[in-house]
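Have a look at the structure below before the remarks.
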């Protein structure tokens, strides 16, 4: 049986930065500010070993045992975190966590698929 998992959600610092739209966009929700920015959130799920990073806050993409990226985007931080947890729970990695492994979900800002498609054309 898997040990209890410590879940800690940290939003990327980019959520608090002003984007190319400027101060008007930052006054709105950071993840989906003005339609011009077309930002969404993608969850990165980090499975970290306590032996490598005893403090969960020190766990990042470079020292995690497993890094999973959620294949879908979310419009707000709470949904991003919840979808990240649910996605991990549905994988073999999530079901077979060892007692010395901890989980960290990071929600990073991404450009929407529609905006990427528009730029490509």
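Things to note:
- Selection over the range 86-104 of residues that are part of a helix (DSSP H, G or I) and surrounded by fewer than 19 Cβ atoms within 10 Å (Cβ to Cβ) gives a count of 6.
- When the range 62-71 is filtered for residues that are surrounded by 16 or more Cβ atoms within 10 Å (Cβ to Cβ) and either assigned to a strand (DSSP E or B) or on the phi > 0 side of the Ramachandran plot (or both), the ones remaining, listed by number, are 66, 68.
- Residue within the range 106-120 that is part of a loop (DSSP other than H, G, I, E, B) and modelled with pLDDT under 65 present: no
- Residue selected from the range 72-81 under the condition in contact with a helix residue (DSSP H, G or I) (Cβ under 8 Å, 6 or more places away or on another chain) and part of a loop (DSSP other than H, G, I, E, B), by the criterion surrounded by the most Cβ atoms within 10 Å (Cβ to Cβ): 73
The values are calculated or read from the model by the stated rules, or taken from the named source; none is laboratory data. Just so it is clear, the model here is predicted, and its values are computed rather than measured. Positions of Cβ are backbone-derived with ideal geometry, glycine not excepted, and every protein chain shown enters the neighbour counts.
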